[in-house]
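Visitor: Take a look at this one; I'll ask things after.
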């Protein structure tokens with residue numbers, strides 16, 4: 001028997017689909033009945049009101065039949081696109097939607113077969129009709145998937161932008177407003193009160209940051225944290241709750257790949273802005289190229305000087321200016337001796353051991369410094385002032401003097 005002509009197949013397909021268009025309400029109820037099974041992974045339509053689901057099924061089945069009978073082109077379809085967008089916004093799994101589209105295709109096919117039997121269509125013709133119908137189903141399913149994934153991406157971008165704005169609000173001190181604090185705590189899954197640490201890690205030349213793997217490390221301690229990339233730093237908000245601050249810092253220290261700083265503990269979301277500023281100040285006390293996690297408690301003198309860079313430069317000039325004008329070799333030798341002597345509680349003997357020289361050599365160098373700066377190196381005030389001057393000299397803003 002010769003194959004049916006293409007025109008004949010198309011005409012039969014259109015005739016069958018046109019006849020069944022009037023049955024869309026009945027077919028819709030069939031599809032609704034077929035959707036729900038005992039497998040919850042296949043039927044997760046809980047976020048969708050039943051009338052909304054019924055309307056989506058009706059529009060989809062009607063669209064399949066309208067494409068088959070030539071009323072619309074599948075390439076111009078907006079029904080599958082709209083359904084994909086709506087279900088993505090409602091949180092329905094894509095797998096459930098694709099299964100529904102396949103079930104809808106089966107129900108349309110059964111309806112066409114029923115009509116073909118009534119009309120006396122040849123079985124060979126129906127094989128060609130089936131090919132046409134499943135091509136339409138595949139096209140609509142593809143449009144559904146594309147729309148669904150595009151909507152998910154848009155939602156993720158929107159969620160990320162909102163999350164970014166909330167963290168920025170915390171860093172800007174907006175959590176002093178109780179309403180903002182409550183909303184932000186809920187959306188970021190953080191406690192409103194309790195103790196917090198703010199961590200700041202510098203950006204690296206390779207495009208990464210000076211801290212890596214920190215979130216998983218903290219989760220192992222059952223600590224919640226939120227991390228955000230800013231212009232040139234990675235900022236972390238760590239909720240300590242009942243955990244020890246030292247425990248969190250000890251877990252993060254081995255992960256440092258450059259300069260990382262931690263604030264002292266601050267009270268609740270309302271103080272995170274203050275904590276962030278203190279962490280940035282602490283970061284500023286570390287020289288470029290240093291690696292480690294630095295805490296404010298370890299660097300209070302340097303932090304005070306970083307807060308007043310002009311005063312720090314004046315301090316080094318007034319206390320060590322003549323020494324700094326010496327040739328590099330002599331300058332470094334004298335400054336190293338002074339620093340070692342102060343660190344050894346002004347003991348020339350102990351400093352000599354560290355410097356691998358005689359005690360008298362240390363004393364002679366100290367006398368040389370005293371002569372150059374025109375004042376005694378002894379006394380509590382002199383020790384404090386000189387220690388601060390040496391600390392200021394090590395800061396990034398004054399190190400290259």
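Visitor: So, restricting to strands (runs of 3 or more DSSP E) that lie completely within the stretch 180-297, which ones have at least 2 residues that are over 30 Å from residue 308 (Cα atoms)? Full working, then the answer.
Guide: Details: elements: 195-202, 224-229, 233-239, 259-262, 292-295.
Of the strands (runs of 3 or more DSSP E) lying wholly inside the stretch 180-297, those with at least 2 residues that are over 30 Å from residue 308 (Cα atoms) span 224-229.
Visitor: Conditions first: (1) under 30 Å from residue 278 (Cβ atoms); (2) modelled with pLDDT of 90 or more. Residue 328 passes all but one, so which condition is the exception?
Guide: (1)
Visitor: Scan the stretch 65-112 for residues that are free of Cβ contacts under 8 Å to residues at least 40 places away in the same chain and under 17 Å from residue 54 (Cβ atoms) and jot them down.
Guide: Correct list: 86 only.
The values are calculated or read from the model by the stated rules, or taken from the named source; none is laboratory data. Note that this is a predicted model, so its numbers are computed, not measured. Cβ coordinates were reconstructed from backbone atoms using ideal geometry, including for glycine residues, and neighbour counts include every protein chain displayed.
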